[in-house]
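What follows is a short report on a single structure.
The values are calculated or read from the model by the stated rules, or taken from the named source; none is laboratory data. The structure displayed is predicted, hence computed values, not measured ones. Virtual Cβ from ideal backbone geometry, glycine too; neighbours counted across all protein chains shown. For the accessible areas, the whole protein counts, side chains as well, though only heavy atoms, and no ligand, DNA or RNA atoms are used. Shrake-Rupley method; radii C 1.70, N 1.55, O 1.52, S 1.80 Å.
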Amino acid sequence: MLLEQITSAGIVGCGGAGFPTAAKYNTKAEYFIINAAECEPLLKTDHYVMNHYADECIQSIAAVGKLLEAEHIVIATKGHYTKEINALETAIHAQNAPISIFKMNNFYPAGDEQIMVFEVTGRTVPPGGIPIEVGCVISNISTMLNIYQAQHGKNVTHKLLTITGAVKEPKILEVPIGTSFDDCLALAGGATIDDFMFINGGPMMGKTGTQEDFSQQVVTKTTSGIIIMEKRDFIYELLEKEIPQMINKARSSCIQCRLCTELCPRYQIGHPIHPHRVMRHLTITEVPEDIDDDPIWKEALLCCECGICEAIACPMNLLPRQVNKYVKQRLAEKGIRYQKNDQPLTPSLMREYQQVPPVKILLKDGLKQYADLKVENLQKYETPRVSIPLKMHIGAPCEPIIQIGDQVKAGDLIGRKPEKALGADIHASIDGTVTAVAASITIERRDN
Ligand code: SF4
Ligand code: SF4
């Protein structure tokens, strides 16, 4: 019953790439872990959910824990989120729910699912593997709010997100899926600077874009935040760098200091990933397009793209993450995957002392000026027009089941995942008339 509700509501993970939640829960697990770390600096969406929807989240967490037959149901959050922890503990006690809270240190990327599994259970997910291989299922706290709503008959139609940075009124927004970023920025009072760039998501793992791209963006099921920021900084340089330029710089400047490896969180939990070796390999490869089955190239496949190596570690301002991304793309084109093996995994003894506080990221990225902004107030908004992408998740795009001219109501099914494919259905987010059906479905609000 619960799995069917999650499927028909079209729920995907709110905290990452949008893995379809029903597919993740079609299993049994020893641990059900809730990611409530919100480890990307500046984002406050999950904070808001914990403070305002603790009862709802605890109800759905307990229900999913039961579905998975989990022996341990654990909310993993940061120890200094005292207000949020109080709200969750109050709800847990009120419902007598079999849920514990695990308090983590304040480091990035505490919310990476493999790091979180290591923190909570002491187990290392096998390289190239997923948490269920060590008995764990992980979901984001905001996903749990969607599940509560699905239990009460509501499909995923709206999204909570943070808008912050160089805006007049940083805030939490609740908007229909498909709302334009332009509308979101207007709701935050507009930008405080003329020339800006933006991040769709958090400063480290979010997708960076230029002001010219901004108006093409819409809120999707995975939009956790929008950060408006000045152009002249480290991230903008990354965006501008061409691949050949990046490779040439790596060839000429990598001093093989190993800092990118030492601070790599996946290396620290014992994975055989050594970004300095990938960088060195690049220096001896004449034609980088010829990346092949070599085991060193394949180490790049273990990179979670957290960005610590380039934003924090590298003293030469090189881009090991971008190099790993490039290598991963070449390997994917050739159909080369990581082969799992039984190699013993030895976590770094230095891990505890090498964790990166989020404030360091803000200093490096020129975002420190926004660190103390209060992002607490919610604004709800019902836009006159939405453009809902058919693909907002990992897997196959949905197939539209409506046509131009159809009248729809918020919550109606408008796109269905292809049969037997991984994916999630999509629903109208406002009442109105369908005016376009392409890679996105456009709906214009009907005046009643
Ligand atoms: S930290 Fe930078 S310079 Fe040092 S090994 Fe890594 S890429 Fe090379
Ligand atoms: S981005 Fe860098 S630090 Fe992060 S997992 Fe990849 S190699 Fe390691």
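Relative to the longest principal axis of the Cα atoms of the chain, the long axis of helix 82-95 lies at roughly 50 degrees. Need the list of aspartates and glutamates near Lys409 for cross-linking: C-alpha distance under 17 angstrom, and skip anything on the same chain fewer than eight residues off. Reachable aspartates and glutamates: Glu382, Asp425, Asp431, Glu444, Asp447. Each peptide in 351-361, 401-411 gets a packing score, the mean of other Cβ atoms within 10 Å over its residues, and the list from highest to lowest is 351-361, 401-411.
Relative contact order of region 317-448: what whole-number percent is it, with Cα pairs under 8 angstrom and at least 6 residues apart?
Computed value for region 317-448: 19 percent relative contact order.
Please state, to two decimals, what the Cα-based radius of gyration of the chain comes to when divided by 2.2 N^0.38 Å (N = residues). The partial results should precede the final answer.
Working: Rg = 21.8 Å, N = 448, 2.2 N^0.38 = 22.4 Å.
Normalised Cα radius of gyration, the chain: 0.97.
For the chain, the share of accessible area belonging to carbon and sulfur comes to 49 percent (1.4 Å probe, ligands and nucleic acids excluded). Taking the C-alpha atoms only, the angle from helix 54-67 to the longest principal axis of the chain is near 70 degrees. Relative to the longest principal axis of the Cα atoms of the chain, helix 243-253 runs at roughly 40 degrees. Working from the Cα coordinates of region 58-117, the gyration tensor eigenvalues give, after taking √(5λ), semi-axes of 21, 16, 7 Å in decreasing order. When Rg and the Kirkwood Rh are both derived from Cα coordinates, the Rg/Rh ratio for region 360-421 amounts to 1.20. Normalised by residue number, the volume inside the convex hull of the Cα atoms of region 384-448 is 65 Å³ per residue. Please work out, to two decimal places, the log10 of the ratio I(q)/I(0) at q = 0.08, 0.10, 0.16 Å⁻¹ from a Debye calculation in which every Cα of region 2-151 carries one identical scatterer. One equal scatterer on each Cα of region 2-151 leads to -0.18, -0.29, -0.80. Packing order of peptides 273-279, 383-389, highest average first: 273-279, 383-389 (average count of other Cβ atoms within 10 Å over each peptide's residues). Within a Cβ distance under 14 Å of Val375, other residues only, what is the Lys/Arg minus Asp/Glu net charge? Overall, the nearby charge balance is -3. The residues of the chain present an accessible area of 43 Å² per residue when probed at 1.4 Å with all protein chains retained. Over 26 Å apart at the Cα level, from the set Lys24/Lys66; Lys103/Lys298; Lys66/Lys380; Lys159/Lys340, are Lys103/Lys298; Lys66/Lys380; Lys159/Lys340. Restricting to bridges with both residues inside the chain, how much of the DSSP beta-bridge set is antiparallel, in percent to the nearest 5? So the antiparallel bridges in the chain amount to around 60 percent.
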